[in-house]
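Remarks on the structure that follows.
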Amino acid sequence: MDFSQVKTIVFDWDGTLHDSMKIYKKAFLEAYQYLVDQKHAPSKVWKDEDIQVFLGKNPKEMWESFEPKLSKEVIESASGIISKSMEKSITNHEAVLYHYALDTLEYLKNKGYKLIYLSNSKTYYMNAMDNAFNLCKYFDMMLCSEMYNFISKKYILERVIKSLPKEIVMIGDRDLDIETGKYNQTLTIGCSYGYGTSNELENADLIINDIQKLREIF
């Protein structure tokens, strides 16, 4: 696959640059305990692999896949618990990026690529990450789902793609990221070290097992 003409690189965040489970697991378990305490869910021991399936989905999709029968009010309360926990963790410098993630972004930025942040997250989360890691230093544009009323990532990219220099590549660890690229007719790179399964990445144009591999491609 020829990546030599790429001028714009669109990055997913969680599972691609950020090792999300380091802060998401604690937040999820706090919210689930709330649901148990309020008699909205049974007591359960969660395995990491059962929790990480929710990563990469926007909040609306996450709750629909978790338990669609919960009321809007209960979902808002549980979602608020997750948000507060994660924001506190980020503020306390507990968020962890994959090794050499920022170094790789700096390398790509210095080579003249236009870098785009595209996350299925709330705005507070994107801003907290920006503050924690000075992401505006690297990214030319930062986009998240809440800015677009939680529509699918593929439609968010569709709305801005005309303003981006061609060719474009979408990089991410979940099937939603590969779908986003394919829908918008961009190249795609799957990150096997993230939270997606091998089946989720089977349609990617290229698969990498380390974020540093991008230095060899670009």
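No value in this document is a laboratory result; all are computed from the given coordinates. No experiment lies behind these values; they were computed from the predicted model shown. FYI the Cβ positions are ideal-geometry reconstructions off the backbone, even for glycines, and counts take in every protein chain you see.
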Original post:
Between residue 106 and residue 36, 0.36 nm times their residue separation minus their Cα-Cα distance comes to what?
Top reply: 20.8 nm
Original post:
What's the extension gain from residue 65 to residue 216 if we count 0.36 nm per residue and subtract their Cα-Cα distance?
Top reply: 50.6 nm
**OP:** Give the total of Lys-Lys pairs in region 6-50 with Cα-Cα distances below 15 Å; include a pair only if its members are 8 or more places apart or on different chains.
**Re:** 5
Original post:
Cα extents of the chain along the three principal axes, largest first, in whole Å?
Top reply: 55, 33, 29
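If you stretched the chain out fully between residue 2 and residue 44, how much longer would it get, using 0.36 nm times the residue separation minus the C-alpha to C-alpha distance? Don't skip to the end; give the middle numbers.
Working: separation 42, 0.36 × 42 = 15.12 nm, distance 4.74 nm.
So the extension gain works out to 10.4 nm.
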Subject >> Net dipole in debye of the chain [+1 Lys, Arg Cβ; -1 Asp, Glu Cβ; about Cα centre; nearest 20] >> reply: 480 debye
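So what's the convex hull volume per residue for the Cα atoms of region 21-91, in Å³? Walk me through the intermediate numbers first.
Working: hull volume 6.0 nm³, N = 71.
Expressed per residue, the convex hull around the Cα atoms of region 21-91 is 84 Å³.
Based only on other Cβ atoms within 10 Å, what is the fewest-to-most ordering of 178, 156?
Working: 178 25, 156 22.
Least crowded to most crowded, the residues run 156, 178.
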**OP:** Go through 121, 165, 218 and say which Cα lies farthest out towards the positive end of the charge dipole of region 101-218; charges sit on Cβ, +1 for Lys and Arg, -1 for Asp and Glu.
**Re:** 165
Subject >> Across 60/162; 60/154; 122/213; 111/166, pairs whose alpha-carbon gap is larger than 24 Å >> reply: 60/162; 122/213
Original post:
With no solvent and one point on each alpha carbon, what is the Debye value of log10 I(q)/I(0) for region 143-218 at q = 0.26 Å⁻¹?
Top reply: -1.21
**OP:** Can you tell me the 0 to 90 degree angle between the C-alpha axis of helix 101-110 and the longest principal axis of the chain, rounded to 10?
**Re:** 30 degrees
